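Have a look at the structure below, then the notes.
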Amino acid sequence: MFELHHLSAQEQWDWLRRGEVTPRELTDHYLARIERLDSGSGGDGGAADDGIGAFVAVGADAARDRADELGRAGRSTAPLWGLPLADKDLTDRAGLPTGLGSRLSRGRVAEQDSEISAVLGEAGAVSLGKTATPEFGLTGYTEPVVGPVTRNPWRRDLGAGGSSGGAAAAVAAGLLPFAPGSDGGGSIRIPAAMTGLVGLKPSRGRVPAQSGITSLGGLAVGGPIARTVADAAMLLDAMVSPDGRAPRDHFALRAPGSPDGAWLGTAVRGEGRFQLGVLTASPWDDAYDVRVDPRLLGVLRDTADQLDVLGHGVDDASLPDSGPGSPDYAALFRTIWQAGAAGIPAETDADFALLEPMTAWLVRRGREVGARELGAALAGLSAYEQSVITAFDRFDAVLTPSLALLPPALGWHDADDPERAFEQQCLVSPFTSFVNVAGLPAITLPVAEVDGLPAGVQLIGRPGREDVLLAIGAQLERRLRWQRRHPDCW
């Protein structure tokens, strides 16, 4: 039986524009699905056994009021007019709690929208609430002690990844048509890959409201999670420019502009032939025993074959030299990740008692980092960024596995030993964080299934070339039809 969530975000926008559905009807449809499938969200004990736990807060009344307001104002050409989405619980939405996935922040209600929330509102979107994230967004799995634990809609004993785990689970389960996320080390691409979605990490400086330029090391940027390449492009366009005009950049440093303007057109056309590299090594290989699941290597090879058939050039790629005298990527990244946590507002023993072991470890280690060490780490990662861009220079895009392992079970990451949990994250997702360090765009594409679970590949682009990633993604999507695959709850 047909239901509204079976439509893509693009199709829903077309229906809204033609008056075949109203913003209120679409909002009510998704709120009903959230109530039915996401039971247990927002409770201290996490989601119920049969609940997905994608949401930490649902603002049903505010969403209906907003949808009614849009309906009364009349149909608009705003890029997201009438479309539901939700805010990741690291950003503020006025009137809703911002818990940051932590007991330390419990009870804080936002008085005004964060910039990205305001941008999405200006674009015409209807926010249904807040999606779950791990504590302060610091891990690649969304199982915060404060709850809810976010379950993978494909198999609910498995995790949905993180830190945009709630956003990805909501889109995969048909609780939202698409969702904004943020990505400081893979936090869009990891959950998108685990839940069978398209996840796009834009170039540093691309999204003015979440450019990465203000974050330590320039790591964390905002981007879209969606079921289709075109839907991801549609949301990216709105995040960059909610009114269709030139982006309101806050800094002179920004990503190179798209040759074709808006990204939606590029994603719909899906044109071009490109030179692609295939990479199976990761910068974590020297630090940890990284082993890519042979089934996922098979998916990578099959995708490379598909790209060859489509007329692209395909060759082997390699990372910068990791020999003597070259930057120690693992040590440098750990230093920056720890230093980035140092500002979390935990001061007393009582505060630290509210933090999870991983967060407390990162905060304490971060506060031990001196200015000299921090400066050296920032310089080292800047040098690594340049070396990656140089190493990939002969390719239009580089293809890697999205993940090294299939989605792990809930509780798989060590809850008591943060050093071990950090290592486990690197074993699952060794191909993501170096892209943040390099400031490059990257997209994960759900090209296959392995034993009934989603399996993806990642494409890494040149600086500012999201258009190439979207074009290649659209070509693969037309060939593989992954948008027709859904979990049972669909």
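For the chain, the relative contact order comes to 16 percent (Cα pairs under 8 Å, sequence separation of at least 6). For residue 141, the accessible area of its heavy atoms, probed at 1.4 Å with every protein chain present, is near 30 square angstrom.
Working from Cα pairs under 8 Å separated by at least six residues, relative contact order for the range 371-490 is 27 percent.
To put it simply, the accessible area of the chain at a 1.4 Å probe is 48 percent carbon and sulfur.
Among the trypsin sites (Lys or Arg not before Pro) in the range 119-166, none is located in a DSSP loop while being surrounded by at most 13 other Cβ atoms within 10 Å of its own Cβ. For semi-axes √(5λ) of the Cα gyration tensor in Å, the value computed from the atomic coordinates appears in the list (1) 51, 26, 21; (2) 38, 27, 20; (3) 31, 27, 22 under label (3). Dividing the helix sum by the residues of the chain, where each DSSP H run of 4 or more adds -39500 (n - 2.57), gives a mean residue ellipticity at 222 nm of -11000 deg cm²/dmol.
Rolling a 1.4 Å probe over the protein heavy atoms leaves residue 333 with an accessible area of roughly 10 Å².
Note that the chain presents 37 Å² accessible area per residue, ligands and nucleic acids not counted, probe 1.4 Å.
Each peptide in 67-78, 161-172 receives the mean, over its residues, of other Cβ atoms within 10 Å, and ordering these scores from highest gives 161-172, 67-78.
The spread of Cα positions in the range 330-408, taken along each principal axis and listed from longest to shortest, comes to 53, 37, 16 Å. Extension gain for residue 350-residue 368 works out to 4.5 nm (0.36 nm per residue, less the C-alpha to C-alpha distance). Computed with the Debye formula from one identical point scatterer per Cα of the range 80-237, without solvent, the log10 of I(q)/I(0) at q = 0.10 Å⁻¹ comes to -0.29.
Beta-bridge orientation, the chain: approximately 75 percent antiparallel, per DSSP, counting only bridges with both partners inside.
Ranking of 486, 5, 250 by solvent-accessible surface, largest first: 250, 486, 5 (1.4 Å probe, protein heavy atoms only, all chains present).
When the range 256-365 is described by a simple charge dipole with +1 on each Lys and Arg Cβ and -1 on each Asp and Glu Cβ, the residue from 266, 311, 363 located farthest towards its positive end is 266. Shape class for the range 214-318, computed from the alpha carbon gyration tensor (a ≥ b ≥ c): oblate, with a/c not under 1.5 and a/b at or below b/c. Of the whole protein surface, residue 318 contributes about 70 Å² of accessible area at a 1.4 Å probe radius. Considering all C-alpha pairs of the range 320-472, those separated by over 28 Å amount to 33%. From the Cα gyration tensor of the range 363-403, with a ≥ b ≥ c the square roots of its eigenvalues, which class applies: rounded if a/c is under 1.5, or else prolate if a/b is larger than b/c, or else oblate? Oblate, since a/c reaches 1.5 and b/c is not below a/b. Computed as a quarter of the hull surface, the mean projected area of the alpha carbon convex hull for the range 204-246 stands at 3.2 nm². Largest accessible area first, the listed residues 467, 396, 260 line up as 260, 396, 467 when surface is computed with a 1.4 Å probe on the assembled protein chains.
The values are calculated or read from the model by the stated rules, or taken from the named source; none is laboratory data. Just so it is clear, the model here is predicted, and its values are computed rather than measured. Every residue, glycine as well, gets a Cβ built from its backbone with ideal geometry; the counts of neighbours run over all protein chains shown. Just the protein is used for accessible areas: all its heavy atoms, side chains included, with ligands, DNA and RNA removed. Shrake-Rupley method; radii C 1.70, N 1.55, O 1.52, S 1.80 Å.
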